[in-house]
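A short worksheet on the structure shown next.
The values are calculated or read from the model by the stated rules, or taken from the named source; none is laboratory data. Computed from a prediction, not measured in an experiment: that's the story for all the values here. A quick note on method: Cβ atoms are made from the backbone with ideal geometry, for glycine too, and the neighbour counts reach across all protein chains shown. Areas reflect the complete protein model, heavy atoms only, side chains present, ligands, DNA and RNA absent. Shrake-Rupley method; radii C 1.70, N 1.55, O 1.52, S 1.80 Å.
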Amino acid sequence: MMKQGLYYGPDNSDYTVFRDKAGRYTLAEAKERSERTGGDVTYIHADEAAEFAPGANPDRIIEYLLQQRDVLRQQVVEATIPVPSDTDIAALDQRMKDAGMVSLVDMLAGKLPTDRWAAHVGVSDIKSFGNWLESKDRQYTSMRVTYELGDEPKDSMYEWVLAHSGAYREVIANFRQAMERMAGQKAVGELQSE
């Protein structure tokens, strides 16, 4: 449904310029709303709706597209960074040992003496791990946003916060995806067993 060139949000709340964030309504709901408003509310099938609402502010669209561009650029960079092979790891491991450093193999396997201090004492299962991730993501993303909004000067801590925020964002995105897919597979398995 649309009013004044903007899409209705989900559950008749707020408006959005983005088709993907627009609410989905039945034809009966849309017709009823249109009739009740004397035609102020119009409607269109989701498959025929434009990606951006006709009344969208061009600056808002540009901002959104630039954000999407940055996300895609990062994905391209990550896709082109080669994952080290076992041979690469072994060579680096030997170089580190020769330099008097800790073993890379032990580091990757979580066998350093300091590793036991890195794990949070409250993480004991997948649910508590998810809670911990949510907490860290909230912490670093909030810190990053205060820099981006100008509440904090972009000092020497900014790059550190930005790196942590980006790392936790990626980890939590993959964690959520895994949990959603596991829940979907469980639901399918339950249906098949009935």
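Which residues, taken from the range 97-112, are in a loop (DSSP other than H, G, I, E, B), among the hydrophobic types (A, V, I, L, M, F, W, C), modelled with pLDDT of 90 or more and surrounded by 14 or more Cβ atoms within 10 Å (Cβ to Cβ)?
102
If you scan the range 21-69, which residues turn out to be surrounded by fewer than 10 Cβ atoms within 10 Å (Cβ to Cβ) and acidic (Asp, Glu)?
Those that are surrounded by fewer than 10 Cβ atoms within 10 Å (Cβ to Cβ) and acidic (Asp, Glu): 47, 48, 59.
Can you run down the residue pairs with Cβ atoms below 7 Å, 6 or more apart or on separate chains, where the first is in the range 60-81 and in contact (Cβ under 8 Å) with a residue 24 or more places away in the chain and the partner is surrounded by 10 or more Cβ atoms within 10 Å (Cβ to Cβ) and in a helix (DSSP H, G or I)?
That search, which allows pairs on different chains as well, returns nothing.
When the residues of the range 138-194 are filtered to those that are in contact with a Leu (Cβ under 8 Å, 6 or more places away or on another chain) and open to solvent by less than 60 Å² (accessible area, probe 1.4 Å), which remaining residue is modelled with the lowest pLDDT?
Here the residue is 147.
Of all residues in the range 113-132 being assigned to a loop (DSSP other than H, G, I, E, B) and among the polar types (S, T, N, Q), which is modelled with the highest pLDDT?
That would be 124.
Is one or more of the residues making up the range 134-155 aliphatic (A, V, I, L, M) and either in contact (Cβ under 8 Å) with a residue 24 or more places away in the chain or touching a Gly at 6+ places or on another chain (Cβ under 8 Å) (or both)?
no
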